[in-house]
Each structure stands twice: as structure tokens, then as C-alpha cells.
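Beneath this line is the structure, given in C-alpha cells, with notes to follow.
The values are calculated or read from the model by the stated rules, or taken from the named source; none is laboratory data. On a predicted model such as this, the values are computed, not experimentally measured, just so you know. Neighbour counts run over all protein chains shown; Cβ positions are idealised from the backbone, glycine included.
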Amino acid sequence: MARGSILIVGGGISGLTLGIALRRTGIEVEIVETKQDLRQQAGVGLSLQGNCIAALARIGVANACLEKGMPNSYINLRRPDGALLASQPIIPMGGPEFPGTAGILRNDLHAILLAAASEAGVKMRMGLSFKSFDSDQSGVEVEFTDGSRNRYDLMVGADGVHSRTRTTLFPQIRPEPCGQAVWRAGVPRPVDIVTTELHVGGPLGVVGICPVSREAAYLYIVEAASAEIRYNDEELATVLIDKLEPYTSGLVRACVQHLARSDAISYRHLEWLLVPPPWYRDRVLIIGDAAHCNPPVLAQGAAMGIEDAIVLAELLAQAESVDAALEQFMVRRFPRASLVVRNSVQLCEWEVKHLVGPQEIGRLMMETQKALSAPF
């Protein structure tokens, strides 16, 4: 469909990746995004696993991400006192030419994707979303919040876990609480931290530290939490420091000393979602977190959205019709995305409730990495 046109709702990681990938195949694409500026992103950083890095290579941005980030090939499992339990190798899921993992600042990743989208000629309309759409088997007519209208061959909702596109298509499907919450805090990178350090077996489930650049890292906690627990922004640092009191690990303490001055601390409840197939109705499709999301324990949330985008763009360029591309997309994406959701929820439950030891956690992580090493 080289002369077709596609609307993407959402300028996040999945949406930008899809826009770049589509333009590289010659397909006309337009992104609408409710934010006025995508350069400043919520959150601190994220981990790109090998399969994600390989996917980014297919749109030409992997090297830029590795130059900005902190690549490595293993993670450390530690006790709350810092004693090393195991160095867990990370299978190079993207192939031997890519590292097993790389931490990166969210703002750096978005800057790289925005630059690539601009270079590829992706049309972007900011401060805008759809008001309504009318889809049939030949296309979709979209009315926008500024009163304009246009018709497209396909509309793709890449608008996150609380997607308006999904709510319109599948109003009965909503994210489910995991019974856990995650704390994230940006800190200067301690010189001794060169890869992700996971502290397990303590009162908080898991306490991790992930380096995301030569200068920065983020500390995170996954803990059991009811949906009623809320904190005001001004008390986040104090509460987080108190929660980390039992963790005497030198690595954790090196991060704690910066928390009182950190301007990047967040607390949110974790949710999971897996929309049953198909993820589309007529010519409207959802991808990424809009269709599947999970706790961050496998560091595969962004990866699954990026893979969705790459596969969709390739199929739309190759398939005989949009309908054929969508059918093939579900065959390729649902088994892989559902594996990640299922195993992430399982790991989160184990870690927070202390149901198993670090060996069992490592086993399931390794099994998942082996499965994700298969071509997507």
C-alpha cells in the first residue's frame, strides 16, 4: 500500500517508531498527539533489552541509543545488605551483534526518535486528538478536536494504557490492578553501578538500580500496595527514604543520599492488560500499551510496543491488502505479547510476596529471554 495513508494516535515510543518505520517503506503517515511538546517525558529511564535494540536497528536508531545509554550483558541479584547472590547473564535476545541490555534516559530515547521521525518526513500535529471516527472495511473517516476531518486507509491507536482508541473500540476492556506499585527516582549514577542491580528478599519486594547514562541512574522499588494508597508530591522523598531504611547495601545508600534533592521521584500503581485478539475493528487497530501492558519486571514494555510497530510497518508494506496485513499482524504479535504479560505478572507476584527464591526468579527470567530470542 505504498500510496496509502495511515493515522497514528499518540506520539510516544510506539507511535514514533511506527511513523519512522512506515515512512521508510514509502507509506504516508500522520501522527496526532495531545501534548504540545514531546521533548520532555514523564519518568526517568528505561531498559532496552536485546530484542528491543535489534528492533530499533531496523529503523536506524540503535547505535544512537547505545551511544547515549549504558549497555551491558548481565544483571546482579543482591541481598538487602548488598551481598551478591548471582550475576545473571542476559541472553543477547537481538543476536550477538547487540548487547543484552542498555539503560537509557527517556528524554534521550524520545529525542532520538523525534529526530528520526523528522528526518523521515513524518507529519506531526501537536495538541490534537480525534473527536470521533467512522470505520468500515475500506478505510476510516476521522474528525479531529480542532474540527478538521480526513480519511485514512488505517488508524492506529498507540495512545498508551489508558487509550481513548481502545476505550472506543473495546469499552468493556480496562487495565487490571496488579496489587503492586512502583517507585522511581532519578539520581546521579554511583561510580560502582555499571549494570542493573536488583536487591531481593527484603521487605519491599525488589529494589533495583539501573544506570541510564554515564551520569545518571534511577532507583526503583516494586512493592505490594492497595489502590487506596496515595502520596502528595511533597512527601514522596521522605516516604521513599524511610522505606529504604532496612537496605544497608552500599549501592542503595549511595543513591539514598541524593533522594531529598531529587526532582524526579514518582509513585504509581501497576496495572496489566491483554486485549484478546484481534486488536482491531475494520480499519482501526491498537498497538503497544493500548493493547498489552504489564509490570516492568522484565523490562519489555517499550520493547513490545516497538516490535509491534516494526512488524506492522513491514506487513503493511508487503501484504496484498490492509486486511491481510492485520490478520498476519495478530498471528505474529499476540503469542509473544501475551507471553510477556503473563510472565511479568507472575514475576511481580513472586517478588513482592516472597513466594520463591532468587533462583526461581532467575529461571523464569532466563526462560522468557530464550523465548524472546526467537525472531519476531
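Scan (1) under 25 Å from ASP289 (Cα atoms); (2) modelled with pLDDT of 95 or more for the single condition PRO80 breaks and write down its number.
Against the list (1) under 25 Å from ASP289 (Cα atoms); (2) modelled with pLDDT of 95 or more, PRO80 comes up short only on (1).
Could you list, ordered by first residue, the pairs with Cβ atoms under 7 Å in which the first is in the range 43-64 and closer than 25 Å to PRO295 by Cα and the second is part of a loop (DSSP other than H, G, I, E, B) and of a type in the set (Ser, Thr, Tyr), at least 6 apart or interchain?
From the range 43-64, the pairs are SER47/THR196.
Among the residues of the range 163-193, count how many are part of a loop (DSSP other than H, G, I, E, B), out of contact with any Gly (no Cβ under 7 Å at 6 or more places or on another chain) and under 30 Å from ALA317 (Cβ atoms).
Residues meeting the conditions: 2.
Of the residues in the range 131-155, how many are buried (at least 21 other Cβ atoms within 10 Å of the Cβ) and farther than 11 Å from ARG283 by Cα?
Residues that pass the stated criteria total 1.
List every residue pair whose Cβ atoms sit under 6 Å apart, with the two residues 6 or more apart in sequence or on different chains, where the first one lies in the range 351-376 and is of a type in the set (Asp, Glu) and the second, anywhere, is part of a loop (DSSP other than H, G, I, E, B).
Note: pairs meeting the criteria are GLU351/GLY205.
Looking at (1) part of a helix (DSSP H, G or I); (2) at pLDDT 95 or above, which is the only condition ASN107 fails?
(2)
Determine the pairs where a residue that is at positive phi, located within the range 264-282, has a partner that is in a loop (DSSP other than H, G, I, E, B) with Cβ atoms under 9 Å apart, the partner being 6 or more residues away or on another chain.
ASP282/GLN137; ASP282/SER138
From the list GLU228, GLU223, pick out the single residue that is of a type outside the set (Ser, Thr, Tyr), farther than 30 Å from VAL9 by Cα and touching a residue at least 24 places away in the same chain (Cβ under 8 Å).
On the way: GLU228 fails: touching a residue at least 24 places away in the same chain (Cβ under 8 Å).
Sole residue among the options that is of a type outside the set (Ser, Thr, Tyr), farther than 30 Å from VAL9 by Cα and touching a residue at least 24 places away in the same chain (Cβ under 8 Å): GLU223.
Among the residues of the range 196-216, which ones are closer than 15 Å to SER249 by Cβ, β-branched (Val, Ile, Thr) and assigned to a loop (DSSP other than H, G, I, E, B)?
THR196
Hey, among ALA86, ALA21, ALA64, ALA54, which residue is of a type in the set (A, V, I, L, M, F, W, C) and either touching a Leu at 6+ places or on another chain (Cβ under 6 Å) or part of a loop (DSSP other than H, G, I, E, B) (or both)?
Unique residue meeting the criteria: ALA86.
Just to be sure, is GLN257 on the phi < 0 side of the Ramachandran plot and either loosely packed, with under 14 Cβ neighbours inside 10 Å or among the β-branched types (Val, Ile, Thr) (or both)?
yes
Test of understanding: among PRO89, PRO99, which residue is farther than 23 Å from GLU360 by Cβ and in contact with a strand residue (DSSP E or B) (Cβ under 8 Å, 6 or more places away or on another chain)?
On the way: PRO89 fails: farther than 23 Å from GLU360 by Cβ.
Testing whether each residue is farther than 23 Å from GLU360 by Cβ and in contact with a strand residue (DSSP E or B) (Cβ under 8 Å, 6 or more places away or on another chain) leaves just PRO99.
Return the residue satisfying two criteria in turn: it lies in the range 65-104 and is over 22 Å from GLY186 (Cα atoms) and of a type in the set (Gly, Ala, Ser), and of such residues it is surrounded by the fewest Cβ atoms within 10 Å (Cβ to Cβ).
Here the residue is ALA83.
Residue-by-condition table, conditions (1) surrounded by fewer than 18 Cβ atoms within 10 Å (Cβ to Cβ); (2) among the β-branched types (Val, Ile, Thr); (3) within 19 Å of the chain's Cα centre (by Cα):
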{"site": "ALA185", "(1), (2), (3)": "no, no, yes"}
{"site": "ASP192", "(1), (2), (3)": "yes, no, no"}
{"site": "LEU204", "(1), (2), (3)": "no, no, no"}
{"site": "GLY208", "(1), (2), (3)": "no, no, yes"}
{"site": "VAL212", "(1), (2), (3)": "no, yes, yes"}
{"site": "TYR220", "(1), (2), (3)": "no, no, yes"}
{"site": "ILE229", "(1), (2), (3)": "yes, yes, no"}
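Among the residues of the range 25-36, count how many are outside any loop (DSSP other than H, G, I, E, B) and farther than 19 Å from HIS110 by Cβ. Quick ask: steps written out before the conclusion?
So in the range 25-36, the residues outside any loop (DSSP other than H, G, I, E, B) come out as 28-33.
If we keep only those that are farther than 19 Å from HIS110 by Cβ too, we end up with 28.
Selection size over the range 25-36: 1.
Quick check on the range 105-130: of everything there that is at negative phi and touching a helix residue (DSSP H, G or I) at 6+ places or on another chain (Cβ under 6 Å), which residue is surrounded by the fewest Cβ atoms within 10 Å (Cβ to Cβ)?
Top of the filtered list is ALA120.
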